[in-house]
Every structure is written in C-alpha cells, then in structure tokens.
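The values are calculated or read from the model by the stated rules, or taken from the named source; none is laboratory data. None of the values given here were measured: they were computed from a predicted structure. All Cβ positions, even for glycine, are placed from backbone atoms using ideal geometry, and neighbour counts span all protein chains on display.
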Amino acid sequence: MATTIQPFLPLKPGEAVEINDTVSYLDDGVNIGYFAAGVPVFSHASDDAVGRRVAWAQLIALRLATQKDLSSAFGVYRTTLYRQQLRLKKAGVAGLIDEKSGPKGPRKLTSEMLARAQKALDDGKSKRAAGKKVGVDESTIRNAIEQGWLREAAGETTKASLGEPGSQPAERSAENAVAPLGVATTRILDRVLAAAGKIEEAAPEFKPSSSVANAGALLALPAMLDLGLLDVGEKVYGSLRNGFYGLRSALLCLGFMALLRIRNPERMQFEAPGELGTLLGLDRAPEAKTIRRKLAELVGRGQASRLSAGLAERWVARSPRALGYLYVDGHVRAYHGEKHRLTKTHVARRRLCMPATTDYWINDKNAEPLFFVTGEANERLIASMKASILPEVRRLVGDRRVTMVFDREGWSPKWFQELYGSGFDVLSYRRGKYDPWPRRMFETVSGTVDGHAASYDLAEKMARIRPGFKMREIRRLRPGGKQTAVMTTRWKTRAIEVAWRMFERWRQENFFRYMREHFALDALASRGVEPLSDGKTIPNPRRAKLEKKLARLKTELAKIEKAYGARAFENDESIRPTARGFKIANGKLGREIRALRRKGERLKERIKTLPERVAATDAEGPQIVKLDPETKHLTDTIKMLAYRAETSLVGLLNDNIYARTEEEGRALVREIMRAPADVLPDARAGVLLVRLHGLANPRSNAAVRHLCEALNEKKITYPGTRLQVRYEAPDVASIL
C-alpha cells in the first residue's frame, strides 16, 4: 500500500479516547466508533467481539495504528493482534470467530452456580478455589467479577486498599547510608536492648516499601513454612542466645540465601543488607560475621542430624506413597586444598582419585531428596547402607516394604539376599559380562508409569544368582543391539514399570548436577576439621604405597619384555642360529628382566605381611581428618529444604498455565525469586501485601498470577506477626 503524502490533522470528537495522534475511539455503551483525523472509519456494537477484532485488524492494515498503540489502548497482547491479522488474511472475517471447544453450545454460570461462587468468595476463597467449587475455570470467575455478576469479598486486598505509598529504593538507600550504627541499622532501640541481652529476638516490623530487590523470594515462604523450616527448627534448637537476630531470623535468612543463590555468608557483603532485611521484617539482614556466629552456635549444639531426621519425618508423613521406591547414590565432594589430609576416593566426573568426602543421598520415587548421610572415610555403598541408611529408612517407614534402587556399585548377590530377607526389595543393574539373549525373546512393551508414557523392547527371565536365591532379570534391547540387564525382587510389578524406575535413576544424577550448579553443594561450609572417629579404619597407606610401586614395576617390566620379544622375532638366524647365542647378544636386557622380576617378588612378599586396613589414628604421615561434618550437614539440610520449596512452586504449574513447565519451570521460579516487589503492610486489615513486578514476558506474568492465586489459598501468617501474607501479581492484559 502506498504511503500517505500529507499527514492527517490531529482531530477527534470531543469525548473520544485517543489511541495515537491520528486515531481515536468513542464508546457510548451501545456502539464503539473509530475515527481517523476526526473521520469515522469503523463502527461495531460494544459487545461485538468479532467486530472489535475486525476493527483492530483494519486499523493495522491501513497503517493508522500499530500493534503497540492498540495494545496500550485496549490492554491486549501484541501477539494476539498479530495472530488475528494472520487469521483475517487466511480466512477472512470468519477466521476471527472463535470455535468453541467441547460440547457445541453456550455454557453459562447459572444463578445457582453464581450463588455458590459468591458464597465461596465471601468465605475468603480465591477465584481459583471458587471456580473449582462450581466446576468452571478461574478465568470464568474473573470475567464474572469484571461483568459485575460476582463481587470480591470485602476483605480481599486490592490495589486500592493500601493507599500509603511505599518508600522508593533511592530513599531507602539514602536513609540506610547515614544510619548511626552502620549501614541500614535504623532500629536503634531494639539493637541497644539486644546488645544488653534484654530481648530474645527482634520482632518483625514491616514498613511500606516499593521495588524491594529480590522480594520475589517471599513467594517461597509458604513452601518453606509448610516443609517445616521453623516448626522443626524450633522443636530441635529451641532458641538462640538473646540478641537482635534469633533462631527464626537465622533460619529464614539461611533459607532465603539458598533460594537466592547466595553461596556462602561471605557473599552477603555484596548484597544490599537493607533490601534483604525487608524479607525478614528487620532493618537489615545479618552481615557475614553474624551469620557465621549464629551458624557456630547452632553447630555447637550438634543437632543437625536431628533437624534432618525431623524434616524427613514431616515429609514422609505428608507423602507416604512417595516412599515406594527410594533411590540411593553417592555424591563425591572433592577437596582441593593442601592444608589437611583426607582419605582418597575416585571422583567419577574428573576420572581421578582425589582427597574427597562421599555423601550418600536418599531420594524418593519423584527424585525429591529425603535425607543424606556422610561417610567419614569414604565407605562404600553397601557398608553405608548397612550402617546408616537402612536403619533410618526403617525408622521412617516402619514395617512397610520399600524398594531400594541403586547402581552397579551396590551389586552383591549375597547382599541382595540379606536385603530381601530383612524386608526390602532390590532394583539394580546387573554387573559384569553376560551373554546376550536371542532377539526373538524381545517384544515392544508400551504403557504409562506415573503419568509418563514409556515404550521399550523388553524380555524377562528368572535368574538364579546364588544357591537358593532367585531374582527377576529384565533386559532392554536398545536400537544399537546393546542389552541392558535390570535385576529386581519385585515379583508382581509390571516389567515396563521396573524398567522405567531403573532408567529414571538418572533423575538423581540430574539432581546432583542441579544442586552443584545452583545450590553450591560442593562448596566448603566451614574451614574447620575434626579427627575421624575412634576405631574408624582406612585402607593401609603403607600397603597402598607398595602396591602402587609394584604396579609401576610391572609396567616397566612389561615394556622391557616387549622389547626383548621384538628382538627375538627380528633375530637373524644366519648370524645367531641358537637361543644361547641370542641370549648372549641380548644379555643386558635379560639381566634387567630378571632383576625386575626378583624385585617384584620381594615386593609381593612385603605386601602380604601388611594388613589391608588399619586404624585411621595409626596411619603414617599427617593426621587424617574430616571436614566439619556438622556445619556441612546443617547447611546442606537447609539447601535440601530450599530445593523442595522450589519444587513445590513448580508443582503449582502445568503446561496449560506455563508451557514446558517440566523443562523451564525451575528457570521461571529462579526469575521470580530475583524479581523486585512492593512489600506493603496494613496493620488494621492484618495484611502484608507482596505485590510482584512484571517479568520479561506475558506468559511468565500469567504464571505468576496463577501462583499468587494458589498461594493466597494457604492463608499463611508471616512468622512472628499477625499479618496474613497476600500475594498480588503484576498487571497482565487479557488474551482475547
């Protein structure tokens, strides 16, 4: 279309609303008219959705208005306008008429349904809960409120209910900079009383604050409380010494640090203390040395294992069905320092044997962490299961039969028989070489396991792995012809479920990678060390040194023998026709071979005289230690809880609300945590409003709105106050 040569005069009817400098519209409640430079160009009834779409598409096609102009004027997504243009070009006006899904015919809120929905709203239910009550979508309830058919409850916190504006970041920064006792220390009286030991802990006090950095993390507060961070923490630790920061603020601070990816207390010096303090209801967050001091006080009580056990009990009671399968795997934390001596173990991801500590994590069937144990001297999986893991599992689940899932490290037919006899089932890969089965035995098996579609080429046999003990052997045939053997004592479980559960063990590996990258699982929690427990044995270092020496000698001997054999093969018999002559000619090499063999025999005799394991205290060289296990156990337990809180938020979404939730849900939650928000208390209404700011795109904002609706149903009270926390999403334009 040719461009206009002469610009339009900026004319419009007196009461018309301006769309841009050229176009305006007039809505008299019956009809809507559109004017270009005061000239009417289109008209449709106010309730004519199709006419409205046609008008918008024509305004864009005629280049009278842009998608941005119409989006701002009517609150509609620009992507929606773009799709409408495509539909108009492809199918004409008919393309702008929505086809109703499901039964053909209108579905309306009847008067009875409206009454039930209104009662739910009056009872304080959210729009989502009210919709569920009458069997309609949340959007239907929201539309009914907009049309005036329903009204929100009087106690519902809206944007207009909190009239007092919050302080702006620049104002807070200026105030915090001149605080008399240090940056952001504005609660002078409470701090003086705390210094004198007169208060047990400073009570949370909120001031209206706008654009608080990282305040999106408050969205995880209901999940952390529900998981038992404070309830179990207070039951285990009681309280801390009197001071400004008590147990409540210390635990919440550690929880928010984990969610915001603040790797250690030292990183707090790079965060705005006043902004983080708002999350705690305090003037500022504790500084690094204060966090270290509070951690030291908690660690000094030696109750980290009790905290972990108490949390595990709570989680098991909430989701007992998730314990049908328990995944067990070790995570190796390499030590890169040179100051201390630790026992060594193989670090698979580095393919090296290094000083390290091994933690064995137990995850439920959904790959959610349940608890973990730390091996003092890198005990193997079977030893750790016998000593620590199985007793704790039995304590948590009682007499219930549970299936333990682990990799080939736990392969031991004798151990499998012991496990089965003690009330546990086994699911693991077969170790070692095994003959392939004929291809004709395999058949394609398809089905659904835990809502996930699966399809494998499977075959099955009964296998006698030791006298008097049999297991099911299920093999999967892969496209390249490789066969993967899975062994189990689950006799009645479908083969496809056994295979799926075994192959899904990689979810635990993904969990370890995510925890390393986002929750600093491998970071040192403390520089302190402790000696190994009395009676703890380790591989004999002297024997290991001699075995390494013997291995080098064998390598050297093999190299010389190879050279000797090559000379024998190339020997010219016309010059040296006899073996005696060859030996004389290569006498030096022969002497070296005999000397190395004698040396190897002597080494073998010396190795036989040394025990394979010795007490750690009797080992030669510097003392062998372990890296402050109590601090590491406490901080990792809080990180584990933060991970589960993040999972809870992702679990409130689905692909209908946020596309690709399984792949991108955690990335969205991380974005929300770092988003700014307004924190507005209303003491008279008993409400603490957390109003989130907009995210990067409309679908993220729509997901945040859904999360806010779901979290408001929980009606949590901020710990230490009487304020009910309510969440408000950013403004999101309607999708027509």
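Looking only at the range 520-551, how many residues end up being out of contact with any Ser or Thr (no Cβ under 8 Å at 6 or more places or on another chain), part of a loop (DSSP other than H, G, I, E, B) and closer than 26 Å to LYS632 by Cβ?
Number of matching residues: 9.
Does PHE503 satisfy the criteria of being surrounded by 16 or more Cβ atoms within 10 Å (Cβ to Cβ), closer than 30 Å to THR647 by Cα and outside the structural domain of ASP450 (by TED's automatic domain parsing)?
So PHE503 does not fit the description; no.
For the range 84-97, which residues satisfy the criterion of being surrounded by 12 or more Cβ atoms within 10 Å (Cβ to Cβ) and charged (D, E, K, R)?
ARG87 - this is the single residue of the range 84-97 that is surrounded by 12 or more Cβ atoms within 10 Å (Cβ to Cβ) and charged (D, E, K, R).
Given the criterion over 19 Å from ASP407 (Cα atoms) and at pLDDT below 90, identify the matching residue among ALA356, ALA348.
ALA356
Here are some residues: LYS583, LYS599, LYS559. Which one is in contact (Cβ under 8 Å) with a residue 40 or more places away in the chain, in a helix (DSSP H, G or I) and among the basic types (Lys, Arg)?
One residue alone meets the criteria, LYS599.
Identify, by number, the condition in (1) touching a strand residue (DSSP E or B) at 6+ places or on another chain (Cβ under 8 Å); (2) closer than 14 Å to ASP283 by Cα; (3) modelled with pLDDT of 95 or more that LEU218 doesn't meet.
It fails just one condition, (2).
Find the residue count for the range 420-440, including only residues that are outside any loop (DSSP other than H, G, I, E, B) and in contact (Cβ under 8 Å) with a residue 24 or more places away in the chain.
Residues that pass the stated criteria total 8.
Could you please find all residues in the range 254-271 being surrounded by 24 or more Cβ atoms within 10 Å (Cβ to Cβ) and either of a type in the set (A, V, I, L, M, F, W, C) or under 19 Å from VAL183 (Cβ atoms) (or both)?
Answer for the range 254-271, where residues must be surrounded by 24 or more Cβ atoms within 10 Å (Cβ to Cβ) and either of a type in the set (A, V, I, L, M, F, W, C) or under 19 Å from VAL183 (Cβ atoms) (or both): LEU254, MET257, ALA258, LEU259.
Within the range 306-313, is there a residue that is under 21 Å from ASP636 (Cα atoms), modelled with pLDDT of 95 or more, assigned to a helix (DSSP H, G or I) and in contact with a His (Cβ under 7 Å, 6 or more places away or on another chain)? I'd like the intermediate steps shown before the answer.
Initial filter on the range 306-313 (under 21 Å from ASP636 (Cα atoms)): 306-313.
Cutting the leftovers down to modelled with pLDDT of 95 or more gives us 306-313.
Add one more test, that the residue is assigned to a helix (DSSP H, G or I), and what stays is 306-313.
Filter once more, keeping what is in contact with a His (Cβ under 7 Å, 6 or more places away or on another chain): 308.
Within the range 306-313, one or more residues are under 21 Å from ASP636 (Cα atoms), modelled with pLDDT of 95 or more, assigned to a helix (DSSP H, G or I) and in contact with a His (Cβ under 7 Å, 6 or more places away or on another chain).
Go over the candidates SER422, SER455, SER446 one by one and state the one that is surrounded by fewer than 14 Cβ atoms within 10 Å (Cβ to Cβ) and under 27 Å from ILE362 (Cβ atoms).
SER422
For the condition at positive phi, at pLDDT 95 or above and buried (at least 21 other Cβ atoms within 10 Å of the Cβ), what is the one hit in GLY281, GLY277?
Details: GLY277 fails: at positive phi.
The conditions single out GLY281.
Can you name the number of the only condition in (1) modelled with pLDDT of 80 or more; (2) surrounded by fewer than 14 Cβ atoms within 10 Å (Cβ to Cβ); (3) more than 30 Å from ASN701 (Cα to Cα) that ARG63 fails?
Single failed check for ARG63: (3).
Of all the residues that make up the range 315-339, how many are under 19 Å from THR635 (Cβ atoms) and either without any contact (Cβ under 8 Å) to a residue 24 or more places away in the chain or not in a strand (DSSP E or B) (or both)?
Of the residues in that region, 4 qualify.
Evaluate the following for ASN214: is it surrounded by fewer than 24 Cβ atoms within 10 Å (Cβ to Cβ) and either touching a Leu at 6+ places or on another chain (Cβ under 8 Å) or in contact (Cβ under 8 Å) with a residue 60 or more places away in the chain (or both)?
Yes.
Assuming MET462 fulfils every condition listed in (1) touching an Asp or Glu at 6+ places or on another chain (Cβ under 9 Å); (2) under 18 Å from PRO413 (Cβ atoms); (3) touching a residue at least 12 places away in the same chain (Cβ under 8 Å); (4) of a type outside the set (D, E, K, R) apart from one, which condition is it?
(3)
So which residues in the range 257-292 are part of a helix (DSSP H, G or I) and either in contact (Cβ under 8 Å) with a residue 40 or more places away in the chain or touching a strand residue (DSSP E or B) at 6+ places or on another chain (Cβ under 9 Å) (or both), if there are any at all?
Within the range 257-292, ALA258, LEU259, PRO273, GLY274, GLU275, LEU276, GLY277, THR278, LEU279, LEU280, THR290, ILE291 qualify.
Where residues in the range 296-312 are of a type in the set (A, V, I, L, M) and under 24 Å from the mean Cα position of the chain (by Cα), which of them is surrounded by the fewest Cβ atoms within 10 Å (Cβ to Cβ)?
In this case the residue turns out to be ALA309.
Residues checked against (1) surrounded by fewer than 19 Cβ atoms within 10 Å (Cβ to Cβ); (2) touching a helix residue (DSSP H, G or I) at 6+ places or on another chain (Cβ under 7 Å):
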site: GLN623; (1), (2): yes, no
site: LEU627; (1), (2): no, no
site: ASN654; (1), (2): yes, yes
site: GLU663; (1), (2): yes, no
site: ASN697; (1), (2): yes, no
site: CYS708; (1), (2): no, no
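Just to verify a result, which residue in the range 365-419, among those that are among the β-branched types (Val, Ile, Thr) and free of Cβ contacts under 8 Å to residues at least 40 places away in the same chain, is nearest to GLU530 (Cα to Cα)?
Among residues in the range 365-419 that are among the β-branched types (Val, Ile, Thr) and free of Cβ contacts under 8 Å to residues at least 40 places away in the same chain, the one nearest to GLU530 (Cα to Cα) is VAL373.
Being touching a helix residue (DSSP H, G or I) at 6+ places or on another chain (Cβ under 7 Å), in the same structural domain as LEU86 (by TED's automatic domain parsing) and among the β-branched types (Val, Ile, Thr) narrows it down to one of VAL54, VAL41, so name that one.
The unique qualifying residue is VAL54.
Taking SER422 and the conditions (1) of a type in the set (S, T, N, Q); (2) farther than 21 Å from ARG507 by Cβ; (3) within 27 Å of the chain's Cα centre (by Cα), which numbered condition does it fall short on, given that it satisfies the others?
(3)
Only one of ALA667, ALA616 is out of contact with any helix residue (DSSP H, G or I) (no Cβ under 8 Å at 6 or more places or on another chain), farther than 27 Å from LYS715 by Cβ and modelled with pLDDT of 95 or more. Can you tell me which? I'd like the intermediate steps shown before the answer.
Values: ALA616 fails: modelled with pLDDT of 95 or more.
Answer to the selection: ALA667.
Restricting to the range 387-419, name every residue that is in a loop (DSSP other than H, G, I, E, B), of a type in the set (D, E, K, R) and buried (at least 17 other Cβ atoms within 10 Å of the Cβ).
Of everything in the range 387-419, just one residue is in a loop (DSSP other than H, G, I, E, B), of a type in the set (D, E, K, R) and buried (at least 17 other Cβ atoms within 10 Å of the Cβ), namely ASP407.
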